[in-house]
Amino acid sequence: MKNKKEKNKTKKLIKNISFLITLIMLTYYFIFRKIDRKGLQAALSNTNLLFILLALIVAFGNIYFEAVNLYRNLNLLNEKASFKDSLKYAIVGFFFSAITPAATGGQPVQVYYMHKDNITYTNATVSILVQSFSYLSCMLLLGVFGYIYNFNYITSLGFFEYFFFIGVIVNLAIITISLLAMFSKKLANKLLNIIYKLLDKFSHEKAVSIKEKMTNNLKEYHDSTDFIKKNKTVLLKSILTSLCQLISYHSVAYFVYLALGVENLNYLQITSLQSVLYLSVSILPLPGTVGVNETGFGIIYKPLIMAAIVDSSMLLTRGIGFYFYVVFTGIILLFDSLKKKKPKKNI
């Protein structure tokens, strides 16, 4: 039975990686192959490697600050998790979120890895829920700030701002439902019953199954509330850490532009535009938002920066912030799994 489960997990992993590779190939075909190669070569040949290194460092902040949050939460829950363990869970989250549609695979696999390290399912779920809520809240906050700060510029981009508004509505709905589930048991149960009655009209079996899952999820959210009440500053600390996480990640483009020799840059403008782009494409159910992120990058920055530099910066920003770390985290997890499978030598 266990072997069958392992085989199914492996098949699912291969399927998700294959889908991601297919998306990357399609992105190359429709976007990257149209790039002016001579202009790209000229831009990349003069790249400042010091700024590329800084871009790699700030991109790692996306993983590092999540590890900080998980480490704090797990230890407050009296779980003996080292920072090294928390870094591993953050790496797991990044990799599996990157290869699954709408980043749905990251959190369940994080819980699985934590449980393997003797962390209870409840505490694993609570620590991840607090981190996720903080992350979503900060993503929305930074995105809205970016839109207000660049209001005249973004409204001049035409249809792009509609994606932003959809992103705001969807993420605001998720945060509102999460808050209801956390802090109002009565409202959460009423909402659950309304959903159940609507689904029951179409399929009784599915309605019952979904109700059971959602009831379990509500229990996990209520556990999160108890945790927050006992540690009243934990949510504030998590939000501040998530702000550092996202600001660090959104800074990649700024250092890439510096590496390519672009002068007179406005740091706040570049990073806030990244936050708008990130929120706008987050709603699309594609692994790592491959393709749409690259397209959106071109739409946002081409009126600001010359086309050849925008193409080069798009390749470097996505290469450093996403593709490099997908490969890097994938290799780390591969070595970790191979290390665990090695039989212990008898002394």
Could you grab me the full set of residues in region 61-78 that are buried (at least 19 other Cβ atoms within 10 Å of the Cβ) and more than 25 Å from His250 (Cα to Cα)?
-> Leu74, Leu77
Qualifying positions in region 247-256 - surrounded by fewer than 24 Cβ atoms within 10 Å (Cβ to Cβ) and either among the aliphatic types (A, V, I, L, M) or at pLDDT below 90 (or both) = Ile247
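Could you check how many residues of region 44-101 are more than 26 Å from Ile119 (Cα to Cα) and among the hydrophobic types (A, V, I, L, M, F, W, C)? Before you say what the answer is, go through the steps one by one.
So in region 44-101, the residues more than 26 Å from Ile119 (Cα to Cα) come out as 44-59, 101.
From the residues that got through so far, the ones that are among the hydrophobic types (A, V, I, L, M, F, W, C) too are 44, 49-59.
Looking only at that region, the number is 12.
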Can you tell me how many residues in region 237-276 are without any contact (Cβ under 8 Å) to a residue 40 or more places away in the chain and either aliphatic (A, V, I, L, M) or under 20 Å from Phe133 (Cα atoms) (or both)?
-> 3
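Step by step: first the residues of region 257-269, then only those that are closer than 15 Å to Leu315 by Cβ and of a type outside the set (Val, Ile, Thr), then the one that is surrounded by the fewest Cβ atoms within 10 Å (Cβ to Cβ). Which residue is that? Show your work before the answer.
Within region 257-269, the first condition is being closer than 15 Å to Leu315 by Cβ, and the residues that meet it are 257, 259-260, 262.
With of a type outside the set (Val, Ile, Thr) added as a condition, the list becomes 257, 259-260.
Details: Tyr257: 25, Ala259: 24, Leu260: 21.
Among those residues, the one meeting the criterion is Leu260.
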Within region 109-137, residues hydrophobic (A, V, I, L, M, F, W, C) and more than 21 Å from the chain's Cα centre (by Cα) come out as Ile119
Considering region 297-331, residues that are free of Cβ contacts under 8 Å to residues at least 40 places away in the same chain and among the charged types (D, E, K, R), and then whichever is nearest to Gly106 (Cα to Cα), we arrive at Arg318
Reported set for region 47-78 where residues are under 15 Å from Phe227 (Cβ atoms), in a helix (DSSP H, G or I) and of a type in the set (A, V, I, L, M, F, W, C) is Leu70, Leu74, Leu76
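The values are calculated or read from the model by the stated rules, or taken from the named source; none is laboratory data. What you see is a predicted model; the values in this text were computed from it and never measured. Counting neighbours? That spans all protein chains shown, and the Cβs are built from the backbone with ideal geometry, glycine included.
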